[in-house]
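Okay, so here's the structure we're looking at.
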Amino acid sequence: MTATIEEMKVLKNPKTQGLSHKPLTNVLTRRNIGRMCFVNLNRSGCEGKCELSGIFFRVHFLKILGLLLLAFIFFQTPAFCEERLSVTSKLANVRSGPALDNDVLWQVEKYHPILVLEKKSGWIKFKDFENDVAWIHSSLADKTNSVISIKDNCNVRKGPGTDYDVAFTVERGVPFKVLEKKGRWLNIEHGDGDVGWIYDSLVW
């Protein structure tokens, strides 16, 4: 018995035989799950990389900050600060170079403060409160604490305050040895023995 054309169509149709197609939605679901897993893995990887990058950056930032702090402390030590000295002779020659055959530029009084720029063969290259640069022999200076007046008609008083009487006045460029300090007042002594108190903004 042969089947007609219509019957053959019916037989070829799975639904007429109680069969069902493999659900397309299941296939798509598995694919979507795979894609979702892939996306989640990528996202987790990116988050992990970002977190590691952040930690790496913070560690290096702290290292750099620490090095900068150490460098700051290192260069603030006395070895890297300008050394300040004071003239010890009653009157000392300052020269154009580190030798006796160099010209005498000018003379300075006792307690004249200087900042050391260079030391060479027993000579000191320095600058003073006016930023003038010259040389002086090292035997004529030591570490005595001293200052020099930087204004005209500076009052030197009998005590550390404006309520004390004026002992004497000095012009610009007069050096003094510092005996003590109270607040912003300095107890000073001139090379000729005169003593008094002067406000720190009037000296260098």
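The values are calculated or read from the model by the stated rules, or taken from the named source; none is laboratory data. Being a predicted model, the structure only gives us computed values, none of them experimental. No Cβ is skipped: glycine too gets one built from the backbone with ideal geometry, and neighbour counts run over all protein chains shown.
For the range 156-184, give me each residue that is under 18 Å from residue 111 (Cβ atoms) and in contact with a Phe, Trp or Tyr (Cβ under 7 Å, 6 or more places away or on another chain).
Correct list: 156, 175, 176, 177.
Could you tell me whether any residue of the range 169-187 is at pLDDT 95 or above, more than 35 Å from the chain's Cα centre (by Cα) and polar (S, T, N, Q)?
Among the residues of the range 169-187, at least one is at pLDDT 95 or above, more than 35 Å from the chain's Cα centre (by Cα) and polar (S, T, N, Q), which makes the answer yes.
What about residue 165, is it loosely packed, with under 12 Cβ neighbours inside 10 Å, at negative phi, touching a residue at least 12 places away in the same chain (Cβ under 8 Å) and not basic (Lys, Arg)?
Here the answer is no, as residue 165 does not meet what is asked.
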